[in-house]
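Beneath this line is the structure, given in structure tokens, with notes to follow.
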Amino acid sequence: MSDFRALLAELAVPRLTGTPGHARVRDALRRELAARGFVAMEHRFRAQPSRWLAGGRAADAVTLIGVRPRTRIATWLVAHSDAKGQPLSMLARLGAVGLVAVGTVGALLLPWLLVSTAAGLALLALNRVTDRSPGAVDNATGLLTVLATLDQLPADASVGVIFTDAEELGLLGARALVRERPQLLAGTTVINFDGIDDRGSTRVLMHRAGVVALELARALGTTPRGFFPVIVDGRVLAQVAAECLTIMKGNWGTAAVVHRQSDRPERLNLEGVTAVASAVARVLSDQAASQ
């Protein structure tokens, strides 16, 4: 993983959609795909951030689609390439949402609990989008897991790669693909990687159930879930794919650094990336051998 350590340092830099930092990361991903025999195509779209994201700005976005010549794609390996910073980590935002929920429901019995609602809403209103997080675990690790998986598969494996853009602005790259190029995903399995920490539990989230998710959950020593309170590209891509799942790994400590400046490459040793990539490659290889 020595080369991957260097690549992590190159990818884990502030890279909000439309910024020079993100353009440099995209160039690095093109280089890595080309080194593995993939042709990188672009899906360009205009990213208009969700109205719920304070401080988000419209930008020109580019999703990369990697395929090997004369390969029929059965499985797409997906990870979002952009990152965003916010004053509140994912964990803090969950706390703010909790304040709103408790205050709103509790106020039916105790009106003074509306103070909790107001406090939660105030925190969320201050949580503006920035370009200050290096986004190491979210989601440089997802990008590395895709590349590490490719390195363990044969050159003629029926896999393709999608590095979505503007996920952090409201799953916009995934939405643009489903809207403009649904045939790309039709009849395929989508494996989305979003946040692969070294610590914590591995989760397999089934957005559209199938055999691959079950086999991957078994290989990773976990139970597949039909629901988990996260917003990921897999939710959107499942609309047109035959099977779709997201793999994540982490704990509350992971949630405490996501979208913060502390989401840095120095806190990672890439054991999570190694373990997940090996399991995915093994399952895909076994499936190909049985067909």
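The values are calculated or read from the model by the stated rules, or taken from the named source; none is laboratory data. It should be emphasised that the depicted structure is a prediction, and the values quoted were computed from it without experimental measurement. All Cβ positions, glycine included, derive from the backbone under ideal geometry; neighbour counts span all protein chains shown. When the accessible area is computed, the model is the full protein with side chains, heavy atoms only, and any ligands, DNA or RNA have been set aside. Shrake-Rupley method; radii C 1.70, N 1.55, O 1.52, S 1.80 Å.
Okay, here's what the table says:
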{"read-out": "For the chain, built as a Gaussian network whose Cα springs stay under 10 Å, the top-fluctuating residue of 250, 56, 221", "value": "221"}
{"read-out": "Residue-normalised accessible area of the range 1-76, expressed per residue, 1.4 Å probe, Å²", "value": "53"}
{"read-out": "FRET efficiency estimate (nearest 0.05) - Cβ-Cβ, residue 230 to residue 288, R0 25 angstrom", "value": "0.25"}
{"read-out": "Between the range 1-64 and the range 242-291, the Cα center-to-center distance that results, in Å", "value": "18"}
{"read-out": "Rounded if a/c under 1.5, otherwise prolate or oblate - the range 133-291, Cα gyration tensor axes", "value": "oblate"}
{"read-out": "Degrees separating the helix 271-290 axis from the principal Cα axis of the chain, which is the longest one", "value": "50"}
{"read-out": "Relative contact order, percent, the chain [alpha-carbon distance under 8 Å, six or more residues apart]", "value": "24"}
{"read-out": "Beta bridge orientation in the chain: antiparallel %, DSSP, nearest 5", "value": "55"}
{"read-out": "Choice from 140, 35, 74 with maximal GNM fluctuation in the chain (Cα, 10 Å cutoff)", "value": "35"}
{"read-out": "3J(HN,Hα) from dihedral phi, the range 43-57, Karplus parametrisation 6.51/-1.76/1.60, rounded to Hz, x for glycine, proline", "value": "10, 8, 7, 9, 8, 9, x, 4, 5, 7, 9, 5, x, x, 10"}
{"read-out": "Portion, in percent, of the accessible area of the chain that falls on carbon or sulfur, probe 1.4 Å", "value": "58"}
{"read-out": "For the chain, the longest site-free run once trypsin sites (Lys or Arg not before Pro) in DSSP loop states with at most 12 other Cβ atoms within 10 Å are removed", "value": "73-291"}
{"read-out": "Chymotrypsin sites (Phe, Trp or Tyr not before Pro) restricted to DSSP loop in the range 16-93 with at most 10 other C-beta within 10 Å", "value": "52"}
{"read-out": "Shape of the range 34-82, Cα gyration tensor, a/c cut at 1.5", "value": "prolate"}
{"read-out": "Selection of chymotrypsin sites (Phe, Trp or Tyr not before Pro), the range 185-291, meeting DSSP coil and at most 12 other Cβ within 10 Å", "value": "227"}
